[in-house]
Amino acid sequence: MSKSKYRNVHVDGILYKYVVGKSYVKIVGPNENELVERTAISIETYHGELITTPGMIVAYIRGQEINASSFFKECGHADAKVRADPYLIEIEQITIHRLLCNNCYDIVAEDI
Ligand SMILES: [Zn+2]
């Protein structure tokens, strides 16, 4: 892990640096370094991909729970899973993850 790959994040006025690896996230604080299993600081998508955002790093440092509904726009139905919005991938070529149930996912896909 080279130093240049570290990203800065401020939590309540304190600077932390972190780097996201394949299996672990390294967090460097003012007084200590911490190596965290990536699954503990990420959201897993419907397709088994791990997403780790700066907001999740902040939540982890603050000791908050990392819930998908706190980080992704949700359709509000019970069986929603984190998935890339199919319309945005196909038309805009950008990947935005949302919490969509099967039904809402199909509705978005039908708009293409
Ligand atoms: Zn839905």
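The values are calculated or read from the model by the stated rules, or taken from the named source; none is laboratory data. This structure is a prediction, so every number in the text was calculated from the model and none was measured. Here Cβ is always computed from backbone atoms with ideal geometry, including for glycine, and neighbour counts include all displayed protein chains. To get the accessible areas, we keep the full protein, side chains included, count just its heavy atoms, and leave off ligands, DNA and RNA. Shrake-Rupley method; radii C 1.70, N 1.55, O 1.52, S 1.80 Å.
The average projected area of the chain, computed from the convex hull of its Cα atoms over all directions, is 8.2 nm². Here the Karplus curve 6.51 cos²θ - 1.76 cosθ + 1.60, taken at θ = phi - 60°, turns the phi angles of the range 74-90 into couplings of 10, 7, x, 8, 4, 9, 5, 10, 6, 9, 5, 5, x, 5, 5, 5, 6 Hz, with x standing for Gly and Pro.
Largest GNM mean-square fluctuation across L15, L100, L50, computed for the chain with C-alpha springs under 10 Å, falls on L15.
Sort the range 51-112 into rounded, prolate or oblate with this rule: let a ≥ b ≥ c be the square roots of the eigenvalues of the Cα gyration tensor; rounded if a/c is under 1.5, and if a/c is not under 1.5, prolate when a/b is larger than b/c, oblate otherwise. Oblate.
Measuring nothing but protein heavy atoms, the accessible surface of the chain at 1.4 Å probe radius is 46 percent carbon and sulfur. If you wrap the tightest convex hull around every Cα atom of the range 24-83 and split its volume per residue, you get 81 Å³.
Here is how the number arises for the chain: DSSP H runs of 4 or more residues each give -39500 (n - 2.57), the sum is divided by the residue count, and the result at 222 nm is -5000 deg cm²/dmol. Subtracting the Cα-Cα distance of N102 and Y6 from 0.36 nm times their residue separation leaves 30.9 nm of extension gain.
Which net charge results when you count Lys and Arg as +1 and Asp and Glu as -1 among the other residues whose beta-carbon is under 15 Å from that of K73? If you can, show how the numbers build up before the last one.
Numbers: positive: K81, R83, R98; negative: E74, D85.
Net charge in that neighbourhood comes out at +1.
Each part gets one Cα centre, and for the range 96-112 versus the range 19-92 those centres are 20 Å apart. Other residues lying with their Cβ under 9 Å from the Cβ of I96 contribute a combined charge of 0, Lys and Arg counting +1, Asp and Glu -1. Among N31, N102, N67, the largest mean-square fluctuation in a Gaussian network model of the chain (Cα springs under 10 Å) belongs to N31.
Put simply, the amide H of E74, placed in the peptide plane, has neighbours under 5 Å in L99, leaving out anything fewer than 5 places away on its chain.
From Cα pairs below 8 angstrom and at least 6 apart in sequence, can you work out the relative contact order of the range 10-69, rounded to a whole percent? The partial results should precede the final answer.
Working: 74 pairs, mean separation 13.9, N = 60.
About 23 percent, as a whole number.
Once the chain from R62 to I91 is taken as fully extended at 0.36 nm per residue, the excess over their C-alpha distance is 6.7 nm. The distance between label points at R38 and V19 comes to 1.4 nm (points 7 Å beyond Cα on the Cα→Cβ vector).
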